[in-house]
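Below: one structure in structure tokens.
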Amino acid sequence: MTATGRPAEPDLDARRPTADPAAPHPLPGGRAVPEPEPAHGLRLVDLDALPGAQEDAWARAYRRHGTRLQQSPGYAHAVRAAGHRVVVALAPDGIAAFTRDGDVLTAVGDDEPLLTEHGHPERLARLVTSVRRATGASVYLPLVAAPHAEACARAGCTTWRRPPNSLIDWSHDGADLWERALERGSSQLRRKRHLVERDGLTVRPGRSGPRAFADVLAVDDRSWKAARGQSMRQRGGQDALYGRLVDTGEITAAFLLDGERPVAFRLDARVQDRLMSLKWSYDETYRRYSPGLYLLTEGLRQEWAGRGVRTVDLHGSPDALKDLLHTERVPRADVWCGAAGPGALRARERAALDARVAGAHEAGKGLRHAFD
């Protein structure tokens, strides 16, 4: 889940992680970093106490400016249903949700966690530093797009490089997807596709509701992730999070079926002209078919061609499957605004995870080997 040739993480045992992932113009040595002007009119409200009028205004702003599901009030409520306390920061130029755990506020969304008019990364820096001053808590933004990390670094926050996000240009409705995979992959890809079609496995387009999510969990429970403690049931309430989102229809679940038996799934969220494929998995007994590859090529085309999608967001770091399909990789970084010691510890933890995943990827092994 990290690109080959990823720059080494800073030596966090020796100093605070201060390297900005993409800043081309470091500040001159010795100059104090000016904090941005505070976010005037900032209000911090517990999600459980958010007045209906404010939530309605948030929903309207999301319909107008939203680019990621995680910016929505529906996603914040799903995070709350998963057992996390959620605090909402409301300001005239943006809205962001955070989970609160002790003295750390962690952004609910990655990539672009602030819901605001697109193209103003400095607004995120202003909001983050204002939330830090208002609460005294450290503010952590995982996996944000590089322009937002740069803006926060200029405001005095600490940043460190993370693996990039993988995107597919869908302007041709995926007509080029399979050929790109064949160019980058081996002859085994044709054989695996032939196996799927020879044995009569079929795609069921995305649907929602409790039955759909029950089928998702049935597949996930039979996946390699379950055997390595990484299934949704085993990862801090992910089953509650995604279960609520599928139940409410904010995401849909597409399946690969063997007869009526679901053997693989893909979870999608459509936001404007962006399709986010948030998660996928498969029944380990069907591994020989490479079900994920089929769902992310033929499955995506069957469901989403001709429906106005411009970008498919694979929602995460590079892996063997994304290597075959992506057309662009977007640099990302973590941002920490707060106490230095906990920030350095968080950076070490993330660097260790990235190193394990990168080691498996660069050795030509699947993600599962990072958790052996």
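The values are calculated or read from the model by the stated rules, or taken from the named source; none is laboratory data. Given the structure is predicted, the values throughout are model-derived calculations rather than measurements. Virtual Cβ from ideal backbone geometry, glycine too; neighbours counted across all protein chains shown. In case anyone asks, the SASA skips ligands and DNA or RNA and just uses the protein heavy atoms, side chains included. Shrake-Rupley method; radii C 1.70, N 1.55, O 1.52, S 1.80 Å.
Can you confirm whether residue 293 is open to solvent by 10 Å² or more (accessible area, probe 1.4 Å), aliphatic (A, V, I, L, M), closer than 22 Å to residue 358 by Cβ and in contact (Cβ under 8 Å) with a residue 12 or more places away in the chain?
Against the criterion (open to solvent by 10 Å² or more (accessible area, probe 1.4 Å), aliphatic (A, V, I, L, M), closer than 22 Å to residue 358 by Cβ and in contact (Cβ under 8 Å) with a residue 12 or more places away in the chain), residue 293 qualifies.
Right, here's the next one. Across segment 36-50, what is the total count of residues that are open to solvent by less than 60 Å² (accessible area, probe 1.4 Å) and either in contact with a helix residue (DSSP H, G or I) (Cβ under 9 Å, 6 or more places away or on another chain) or at pLDDT 95 or above (or both)?
8
Give 320, 339, 344 a once-over and let me know the one that is surrounded by fewer than 22 Cβ atoms within 10 Å (Cβ to Cβ), under 20 Å from the mean Cα position of the chain (by Cα) and aliphatic (A, V, I, L, M).
320
Where the second residue is part of a strand (DSSP E or B) and open to solvent by less than 30 Å² (accessible area, probe 1.4 Å) and the first is farther than 24 Å from residue 183 by Cβ and acidic (Asp, Glu) and lies in segment 320-347, which pairs have Cβ atoms under 7 Å and are six or more apart or on separate chains?
Sorted first by the residue in segment 320-347, then by its partner, the pairs are 334/141; 334/142; 334/159; 334/160; 334/162.
While we're here: Taking segment 84-96 as the search range and keeping residues that are open to solvent by 10 Å² or more (accessible area, probe 1.4 Å) and within 19 Å of the chain's Cα centre (by Cα), which one is nearest to residue 65 (Cα to Cα)?
Top of the filtered list is 95.
Please work out if residue 354 is assigned to a helix (DSSP H, G or I) and either surrounded by fewer than 14 Cβ atoms within 10 Å (Cβ to Cβ) or in contact (Cβ under 8 Å) with a residue 60 or more places away in the chain (or both).
yes
Could you tell me whether segment 204-222 includes any residue that is of a type in the set (Ser, Thr, Tyr) and under 24 Å from residue 364 (Cα atoms)?
No, segment 204-222 contains no residue that is of a type in the set (Ser, Thr, Tyr) and under 24 Å from residue 364 (Cα atoms).
Do we have residue 260 as free of Cβ contacts under 8 Å to residues at least 60 places away in the same chain and either surrounded by fewer than 18 Cβ atoms within 10 Å (Cβ to Cβ) or in contact with a Lys or Arg (Cβ under 6 Å, 6 or more places away or on another chain) (or both) here?
yes
Which count do you get for residues in segment 156-210 that are over 30 Å from residue 243 (Cα atoms), part of a loop (DSSP other than H, G, I, E, B) and of a type in the set (A, V, I, L, M)?
The total comes to 1.
Considering only residues of segment 208-242 that are under 30 Å from residue 181 (Cα atoms) and in contact with a Gly (Cβ under 9 Å, 6 or more places away or on another chain), which is most open to solvent (accessible area, probe 1.4 Å)?
Only one residue tops the list, namely 208.
Being touching a Lys or Arg at 6+ places or on another chain (Cβ under 9 Å), open to solvent by less than 20 Å² (accessible area, probe 1.4 Å) and at pLDDT 95 or above narrows it down to one of 245, 275, so name that one.
275
Here's another thing I want to ask about it. Looking at segment 112-137 only, could you name the residues that are of a type in the set (A, V, I, L, M) and either open to solvent by 50 Å² or more (accessible area, probe 1.4 Å) or not in a helix (DSSP H, G or I) (or both)?
114, 115, 134, 137
Here's the yes/no breakdown for (1) assigned to a strand (DSSP E or B); (2) at pLDDT 95 or above; (3) crowded, with 20+ Cβ neighbours inside 10 Å; (4) not hydrophobic (A, V, I, L, M, F, W, C):
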residue: 19; (1), (2), (3), (4): no, no, no, no
residue: 22; (1), (2), (3), (4): no, no, no, no
residue: 54; (1), (2), (3), (4): no, yes, no, yes
residue: 59; (1), (2), (3), (4): no, yes, no, no
residue: 76; (1), (2), (3), (4): no, yes, yes, no
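Are any residues in segment 278-289 crowded, with 21+ Cβ neighbours inside 10 Å and of a type in the set (S, T, N, Q), and if so, which ones?
Within segment 278-289, just 281 meets the criteria.
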